[in-house]
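The values are calculated or read from the model by the stated rules, or taken from the named source; none is laboratory data. Keep in mind the model is a prediction, meaning the values are calculated, not measured. Cβ placement follows ideal geometry from the backbone for every residue including glycine, while neighbour counts extend to all protein chains displayed.
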Amino acid sequence: MNKKIISIFFLLIIMVSMVFAYSYLTQPTTEEKPYDYSIDSIDNKDISDEIDDLLIDEDYEVEIGEMV
Amino acid sequence: MKKIYSILLTLILLISTTSIVLAGAGDDKGNHFGKDDDFEGDNDQNETEKEIEIVNNTFGAEIRLLQLEKALLKNILKGEMAVQVLIGLNFTTTELESILIEMKALLEEVRQANASSNASVEIFVFLKNESKNFTTQFRETIRGMLNDTSLSELRVRIKEMLNASGQLDNYNKRIINLIRTFNGNQLYRLYGLIGEANSLFVNQYLNGTLPLNETKLQLCKIINEMTKEKKYEIFLEIKGENIRRQIHAQDVIENIGNGHGKQ
């Protein structure tokens, strides 16, 4: 009787460990936030950022790497 | 005896399970180093994607091609200076010189590229990739010839020679003029969008008397004073255009990656 209980106990431990192992290995690394473009969620900074995207930074340079 | 046997068996199983977990975590860490290269590659791709967002516009294509021409010429000049120094130190520079010849031929291709072509985006990406490949070839060859200390000294010497030559000054002026015209057009459109006829700030920006951030600030001030609904309408209009450009750039990069582009 004792042996059976011990075996079941250990079996449970193994199963729990496996569940933890599985969940650890399959957990998502990043969670994407859904976009919210409702009228109340837009502030002046959002508009300014979008205007920035329309314009070209005067100091930007195309990079092809260093020779030396 | 049986008890010991079952405990031992259970321990083995537990250790195996723990190993699987640790191996998984180890793989993640191990992959991290590989991912650095991927990250660099992703960064390059994001950079190129951002650059080509404006290339479907002739003006934008002209700007990016001129920026590429400047970057390539800068590297050729640096390469020639490096070769001069190495010849002075009695090194054989045949391989480096042949890379420079190919870079000069590529520079001609960049100069002759048609900014108004339908395939200007693909042409830009192809020429940029070629420029990067030759630069990497040159860098790796020279790194095989000199030690770190000599390379650092050479870098300093080349920088001084390049600054003194002033050969890129003309490019800087041309690029800034093109960028100002491009931004000026965008600003005129934005003023049109908000229903403002006042183009004083844009003209000042085009003349070089008002910096870009100040010009943008003036525009934002006008938008900030508008009603919530009007602001939202303007936001959607600009956002829509930005998203369309981003999607187009991503499409082109994907097509090139799938072998449908010039590459």
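Tabulated results
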read-out: Close pairs from the range B:87-114: first touching a residue at least 24 places away in the same chain (Cβ under 8 Å) and surrounded by 12 or more Cβ atoms within 10 Å (Cβ to Cβ), partner of a type in the set (D, E, K, R) and in a helix (DSSP H, G or I), Cβ under 8 Å, at least 6 apart; value: B:Leu100/B:Glu80; B:Leu106/B:Glu130; B:Leu107/B:Glu69; B:Val110/B:Glu69; B:Arg111/B:Glu69
read-out: Qualifying residue in the range A:34-42 (condition: modelled with pLDDT under 85 and aliphatic (A, V, I, L, M)); value: yes
read-out: Residue check for B:Glu62: farther than 24 Å from A:Asp53 by Cα, in a helix (DSSP H, G or I) and acidic (Asp, Glu); value: no
read-out: Options B:Leu210, B:Leu206: the member that is without any contact (Cβ under 8 Å) to a residue 60 or more places away in the chain and crowded, with 19+ Cβ neighbours inside 10 Å; value: B:Leu206
read-out: Members of the range B:180-197 that are in a helix (DSSP H, G or I), among the charged types (D, E, K, R) and surrounded by fewer than 15 Cβ atoms within 10 Å (Cβ to Cβ); value: B:Arg189
read-out: Residue in the range B:33-46 that is assigned to a helix (DSSP H, G or I), modelled with pLDDT under 65 and more than 20 Å from the chain's Cα centre (by Cα) present; value: yes
read-out: Where A:Asp59 falls short, out of the listed (1) modelled with pLDDT of 85 or more; (2) part of a loop (DSSP other than H, G, I, E, B); (3) within 8 Å of chain B (Cβ to nearest Cβ); value: (3)
read-out: First in the range B:32-58 and farther than 17 Å from B:Asn129 by Cβ, second anywhere and loosely packed, with under 14 Cβ neighbours inside 10 Å and at pLDDT 80 or above, Cβ under 8 Å, 6 or more apart; value: B:Thr58/B:Ser116
read-out: Verdict on B:Asn177 being in a helix (DSSP H, G or I), surrounded by 12 or more Cβ atoms within 10 Å (Cβ to Cβ), out of contact with any Phe, Trp or Tyr (no Cβ under 9 Å at 6 or more places or on another chain) and free of Cβ contacts under 8 Å to residues at least 12 places away in the same chain; value: yes
read-out: Lone unmet requirement of (1) under 21 Å from the mean Cα position of the chain (by Cα); (2) over 18 Å from A:Glu63 (Cα atoms); (3) of a type in the set (A, V, I, L, M) for B:Leu146; value: (1)
read-out: Residue identified as of a type in the set (Val, Ile, Thr) and more than 18 Å from A:Ile56 (Cα to Cα) among B:Ile99, B:Ile54; value: B:Ile99
